[in-house]
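FYI, it's all coordinate maths here, none of it is from the lab. Model, not experiment: these values are computed from the prediction. As a convention, Cβ positions derive from the backbone with ideal geometry for all residues, glycine included, and neighbour counts pool all protein chains shown.
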Amino acid sequence: MNRLLPVLGLLVAINFSSLQAQDDDFYIFLCFGQSNMEGFPGIPESEKGPVNPRFQVLAAVDFPEMGREKGHWYTATPPLSRPPAGLSPADYFGRALVAALPEDKKVGVINVAVGGTKIELFDETTRESYLADAPDWLHNISSAYNKDPYARLIEMGKLAQKDGVIKGILLHQGESNTGDKEWPAKVEAVYQNILHDLDLDAVDVPLLAGEVVAADQNGKCASMNEIIRTLPETIPTAHVVSSEGCPDGPDDLHFSPEGYKMLGTRYADTMLPLLKD
């Protein structure tokens, strides 16, 4: 029995060391969705930096162009998702948060998004059937996450929890589900799965969902915003971020860099009072 004591002591030391490594002042946010969360290609030189090193990104893919390796933290210089993405709402969400929070707080984001996808790709019960009929370009994009972006989000989330505390989930998706009245229920299923798989409590980890390009910008999917605005009726801890007045690009589907800046700042403005609560 006495020979077990050194082993038990070692295990206690390891567990204590692991607990000590987690930084309660490192606020982490999961970001997922389709192309507007991914970041539409095109980053103005003025937006490439310098970025406050208190704002970090956990690389969800190997990203040799940026000198990033999957599963490691880096200063959050855009793009935050994968090559060849661009500026996204996550960029100015993080920049605005670190500017507003005390100097001892850090912000980290994990961005796993797939351009053009429906929400079904993030639900493990519908992913395979959805991909079975998906076009080649969607297979090509999702292959960055081994065609299972939800699993990658959870994998990275578990890694991040060793370093900090998950404080919220950011969603920007809906264009490919335009008109789908079941979308709020589908989002709820994904949200509940995330909470379960990462052992999180909805009260502590709200869901922030951004509207798609608005009607005042001639958004092609603007009608989806009526459905997005109903999300808190299905998810009490959900908050909708308005896209009204956020400039878009020529295709009327993606935001312009200025639009991403405005929308990302609105995500941060929505999150800040929730952090104080």
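Taking the three principal axes of the alpha carbon atoms in segment 84-134, the coordinate ranges are 48, 23, 13 Å, sorted in descending order. Karplus-derived 3J(HN,Hα) values for segment 139-147, using 6.51 cos²θ - 1.76 cosθ + 1.60 with θ = phi - 60°, are 4, 5, 5, 5, 5, 4, 10, 6, 6 Hz; glycine and proline are entered as x. In plain terms, if you count all Cα to Cα distances in segment 23-276 and split them into 5 Å steps from zero, the share in each step is 1, 7, 15, 20, 22, 19, 12, 4, 1, 0 percent. Antiparallel beta bridges, as assigned by DSSP with both residues in segment 23-276, represent about 15 percent of the total such bridges. Of the DSSP H helices in the chain, those that are both long (alpha-carbon extent of 20 Å or more along the helix axis) and hydrophobic (Kyte-Doolittle mean at least 0.0) are 4-21. Pairs exceeding 19 Å between alpha-carbon atoms, taken from K106/K167; K118/K147; K158/K186; K48/K162: K158/K186; K48/K162. Across segment 20-78, what fraction of all alpha-carbon pairs, as a whole percent, falls in each successive 10 Å bin from zero upward? Each 10 Å bin holds this share of Cα pairs: 18, 49, 29, 4, 0. Once backbone amide H atoms are built at 1.01 Å from N, V114 has G33, Q34 as its partners under 5 Å, excluding neighbours fewer than 5 places away on the same chain.
Between D136 and D25, the distance separating the two model label sites (each 7 Å from Cα on the Cα→Cβ line) works out to 5.3 nm. Cα centroids of segment 239-253 and segment 155-171: how far apart, whole angstrom? Rounded to whole Å, the Cα centres lie 27 Å apart.
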